[in-house]
Amino acid sequence: MDARAILAKLRRHEAPSEAELRWFSNGLADGHISDAQAGAFAMAVCMGQLGEAARVALTLGMRDSGDVLDWDLPGPVIDKHSTGGVGDCISLLLAPALAECGGFVPMISGRGLGHTGGTLDKIESIPGVSTAVAQESLGEIVARVGCAIVGATARIAPADKRLYAIRDVTGTVESLDLITASILSKKLAASPQALVLDVKVGSGAFMKTMEDARALARALTTAANAAGCRTTAVITDMNQPLAPALGNALEVAEVMKALTGETEGPLVQLSAALGGVLLADAGLADDVQAGADSIAATIRDGRAAERFGRMVAALGGPVAFLDDWRRFLPEADVIREVIAPADGNVAAIDGEALGLTVVDLGGGRQVESDVVDPSVGLSGLVRLGQQVAKGQTIAVVHAAREDAALAAERAVLNAIALGHAPGAVPDLIHERID
Ligand code: URA
């Protein structure tokens, strides 16, 4: 086969064959495809459209460019993926809850991307935790604990690793075909039997409109189901942060409060809803409601917390984390309250701006090599529709320095709009796509 012939097909808006896309994916992984050819491929796919069959073929070709995990476990392997948002720490809650309900969850996760936080950065804010786990250890932890949140090793979907880096510098990240193949090649390499996709829509998501979110949800579910993995997408609201905190250790603190019954709210509600869909799809619950009830019960009675503690210990964290989590989480040096400048109702929250504020505080990366500060971020955020009085705290900034805290305070004031009319409160869940 010849990369030039495949690129010429794309130039003529013809879809390459399954064999060609598999060959191209292997070439990306083993270096036979040059950077120039990979960049041309990404741009051609971005500017045209592969169509459903070729999108599935590219997804499977990229999945098979590396190892595909093989399991021998006494229950179904299941997983959840979010397309990215702010204050979205559902994975940390859901992985142990699902394990408590009989699933095995090898959750291969990512780092922060753009304004959105990453599950790996969050869990690594717990001292000692490392998500760089060898494949053999992943198998052992999943068999013993039931769940593990880990990064992709070099052997998982290497074609995606190469293509993603090239897309990042060629302006070709935004393509339904490439996003689908990229997300699913990594997820499907863990061989889940069922998958639930949390497709976020709104100001803090990559997809700002329902139309775009639906298109992504359809592309992902079609490709994953065609690959033999029972997959449902749920389009959920991201017009405000899911948790009242953004930032790595601050989000772990929110998870711990939810797991230990200190708080309830959207984090627990959405975990139950997504978990319910997944348990039903995996045959671990009679229906979605029964599944949601089971997830909520494991959170309410502390079983999910106990399982989370075991996962943390298995990943190198403190054995006593669950009992004494406040002592272990890093705290920022500078704490600054953001005060409401007037009376009003919270009318709009620019989630992307809040996410970027956390990146500017050092809680995310401007370039790949940046080291994140786990302690910084925002907490105590108000919610849409909430009434606030002049002088009331609407957020708390956690920063490493005074100047950074001041800049973040200004950014938060710009990102939270107060109005006079009672603000509309969006539903947490918009739509389900099978
Ligand atoms: N996440 C991924 O893993 N890949 C994309 O292309 C976009 C989001």
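Please enumerate the residues belonging to the stretch 197-220 that are buried (at least 21 other Cβ atoms within 10 Å of the Cβ) and either away from the ligand (no atom under 16 Å from the Cβ) or part of a loop (DSSP other than H, G, I, E, B) (or both).
Answer for the stretch 197-220, where residues must be buried (at least 21 other Cβ atoms within 10 Å of the Cβ) and either away from the ligand (no atom under 16 Å from the Cβ) or part of a loop (DSSP other than H, G, I, E, B) (or both): G202, S203, G204, A205, F206.
Given the structure, is A320 in the same structural domain as P127 (by TED's automatic domain parsing) and either touching a helix residue (DSSP H, G or I) at 6+ places or on another chain (Cβ under 6 Å) or not in a helix (DSSP H, G or I) (or both)? Reasoning before the result, please.
Details: in the same structural domain as P127 (by TED's automatic domain parsing): no; either touching a helix residue (DSSP H, G or I) at 6+ places or on another chain (Cβ under 6 Å) or not in a helix (DSSP H, G or I) (or both): yes.
For A320, the condition - in the same structural domain as P127 (by TED's automatic domain parsing) and either touching a helix residue (DSSP H, G or I) at 6+ places or on another chain (Cβ under 6 Å) or not in a helix (DSSP H, G or I) (or both) - is not met.
Within the stretch 306-329, count every residue that is under 16 Å from A143 (Cα atoms) and aliphatic (A, V, I, L, M).
5
Among the residues of the stretch 357-374 satisfying the criterion of being closer than 18 Å to V338 by Cα and over 19 Å from the mean Cα position of the chain (by Cα), which is surrounded by the most Cβ atoms within 10 Å (Cβ to Cβ)?
L361
Of everything in the stretch 127-163, what is in a helix (DSSP H, G or I), closer than 28 Å to L93 by Cα and within 16 Å of the ligand (Cβ to nearest atom)? Give them in sequence order.
The answer is D160, K161.
Residues that are under 30 Å from S294 (Cβ atoms) and aliphatic (A, V, I, L, M): find the helices (runs of 4 or more DSSP H) completely inside the stretch 28-106 holding 2 or more of those. Working first, answer last.
Numbers: elements: 35-47, 52-63, 90-100.
Per the criteria, 90-100.
Being more than 22 Å from the chain's Cα centre (by Cα), under 21 Å from A243 (Cα atoms), among the aliphatic types (A, V, I, L, M) and not assigned by TED's automatic domain parsing to the domain that holds L113 narrows it down to one of A404, A424, A400, A389, so name that one. Can you show your working first?
Details: A404 fails: under 21 Å from A243 (Cα atoms); A400 fails: under 21 Å from A243 (Cα atoms); A389 fails: under 21 Å from A243 (Cα atoms).
On inspection, the qualifying residue turns out to be A424.
So, K186, is that one part of a helix (DSSP H, G or I) and charged (D, E, K, R) or not? Walk me through how you get there before you give the answer.
Values: part of a helix (DSSP H, G or I): yes; charged (D, E, K, R): yes.
Spelling it out, K186 is indeed part of a helix (DSSP H, G or I) and charged (D, E, K, R).
Quick one: G51 ticks every box in (1) away from the ligand (no atom under 14 Å from the Cβ); (2) crowded, with 23+ Cβ neighbours inside 10 Å bar one, so which box is it?
(2)
For residues that are under 15 Å from L381 (Cα atoms) and either basic (K, R) or touching a residue at least 40 places away in the same chain (Cβ under 8 Å) (or both), tally how many sit in the stretch 256-281.
2
Does P16 qualify as being touching a strand residue (DSSP E or B) at 6+ places or on another chain (Cβ under 8 Å), more than 16 Å from the ligand (Cβ to nearest atom) and modelled with pLDDT of 95 or more? Steps first, answer last, please.
Details: touching a strand residue (DSSP E or B) at 6+ places or on another chain (Cβ under 8 Å): no; more than 16 Å from the ligand (Cβ to nearest atom): yes; modelled with pLDDT of 95 or more: yes.
The answer is no for P16.
So, in the stretch 164-195, how many residues would count as being more than 12 Å from the ligand (Cβ to nearest atom) and within 19 Å of E368 (Cβ to Cβ)?
Selection size over the stretch 164-195: 3.
State yes or no: is V105 more than 16 Å from the ligand (Cβ to nearest atom), over 17 Å from the mean Cα position of the chain (by Cα) and hydrophobic (A, V, I, L, M, F, W, C)? Before the answer, list the steps.
Details: more than 16 Å from the ligand (Cβ to nearest atom): yes; over 17 Å from the mean Cα position of the chain (by Cα): no; hydrophobic (A, V, I, L, M, F, W, C): yes.
Criteria not met by V105.
The values are calculated or read from the model by the stated rules, or taken from the named source; none is laboratory data. Keep in mind the model is a prediction, meaning the values are calculated, not measured. Here the Cβ is made from the backbone with ideal geometry for all residues, glycine too, and neighbour counts use every protein chain on show.
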